[in-house]
1. Whether any residue in region 241-263 is touching a helix residue (DSSP H, G or I) at 6+ places or on another chain (Cβ under 9 Å), over 26 Å from GLU135 (Cβ atoms) and of a type in the set (S, T, N, Q) is what I want to check.
2. Quick one: count up the residues across region 1-24 that are buried (at least 21 other Cβ atoms within 10 Å of the Cβ), under 28 Å from GLU41 (Cβ atoms) and among the hydroxyl-bearing types (Ser, Thr, Tyr).
3. Of the residues GLY116, GLY104, only one is in a helix (DSSP H, G or I), surrounded by 21 or more Cβ atoms within 10 Å (Cβ to Cβ) and touching a Lys or Arg at 6+ places or on another chain (Cβ under 7 Å); which?
4. Applying the selection to region 119-139, what residues are in contact with a Lys or Arg (Cβ under 6 Å, 6 or more places away or on another chain) and in a helix (DSSP H, G or I)?
5. Are any residues in region 140-199 in contact with a Phe, Trp or Tyr (Cβ under 8 Å, 6 or more places away or on another chain) and assigned to a strand (DSSP E or B), and if so, which ones?
6. Looking at (1) under 17 Å from the mean Cα position of the chain (by Cα); (2) within 17 Å of ASN155 (Cα to Cα); (3) surrounded by fewer than 19 Cβ atoms within 10 Å (Cβ to Cβ); (4) of a type outside the set (Val, Ile, Thr), which one does PHE79 not meet, given that it meets all the others?
7. Can you tell me which residue is farthest from the chain's Cα centre (by Cα) among those in region 56-73 that are among the polar types (S, T, N, Q) and outside any helix (DSSP H, G or I)?
Amino acid sequence: MTITTIVFDLDDTLLWDKKSIKTAFEKTCEYAATKYELDPEQLEEAVRQEARKLYESYETYDYTVLIGINPFEGLWGTFDDPTESFQKMKNIVPTYRKDAWTNGLKALGIDDEAFGAELGERFVEERKKHPFVYEDAYKVLDALKGKYQLVLLTNGAPSLQNLKLELTPEIRPYFDHVIISGDFGKGKPDPALFEYMMKKAGITADEGIMVGDNLNTDILGSSRVGMRNVWINRENKPKNPEIVPTYEVTSLTEFLQLLEQIS
């Protein structure tokens, strides 16, 4: 059946989220090095490790896995969303930020809780200052707009995903529907979210194609409802014999070329 609808993931498909987080870490750790003699790269690695440990220790961890929120989003999100679990996260994250940075400093032999708290808040501001979009994203969206129905299907907290879209205001107008897992209550790869998206977009699985960077969420989830999919594998990640995408490309530009061939 003819493809009428293209479903895009957001983070690390259109938005270069990993680069935004990396840049926020670099700027914050470089600032830390102006107060203490430390290696910024060592501090970043220590904070990343401490953040993961803390994140997995909270009662909200299973919910974050269900919705699809990673530890580094927890370091800058507010999670001011209506569900009880998001409200729990909202109460946890200020301490989480402070403790992740304080424990990271401690791992380098520096005991300074006040500075850890300062770095935690600085990281939030640095992340907001550095939104990155893949350089071919707008060109590809321009080429598709008007020819296809475009749907954005993203895992995460509505407050945080909407903030990302506010920081890159050019993206949202391209899309006919923006669906955030936290609004629905389950994240990719749960087939229920894909069924909900198809109902909202008024399509069958045959009429859509999912484009995303994550085998375990975008590709697995769309496969479960019988929708064709395209894995954007920019980093030459290893294949998974248990999750096989319909197509594999290395960029959005290459996806556009593929779409012209299969349409």
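1. no
2. 2
3. Going through GLY116, GLY104 in turn, the sole match is GLY116.
4. The answer is GLY120, GLU126.
5. Of everything in region 140-199, those that are in contact with a Phe, Trp or Tyr (Cβ under 8 Å, 6 or more places away or on another chain) and assigned to a strand (DSSP E or B) turn out to be LYS145, LEU150, VAL151, LEU152, LEU153, ILE179.
6. Answer for PHE79: the failing condition is (3).
7. THR60
Quick grid of which residues meet (1) at positive phi; (2) at pLDDT below 95; (3) among the small types (Gly, Ala, Ser); (4) surrounded by 21 or more Cβ atoms within 10 Å (Cβ to Cβ):
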residue	(1), (2), (3), (4)
ASP176	no, no, no, no
LYS199	no, no, no, no
ASN236	yes, no, no, no
LYS239	no, no, no, no
SER251	no, no, yes, no
SER263	no, yes, yes, no
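The values are calculated or read from the model by the stated rules, or taken from the named source; none is laboratory data. Everything numeric in this text was worked out from a predicted model, so none of it was measured. Virtual Cβ from ideal backbone geometry, glycine too; neighbours counted across all protein chains shown.
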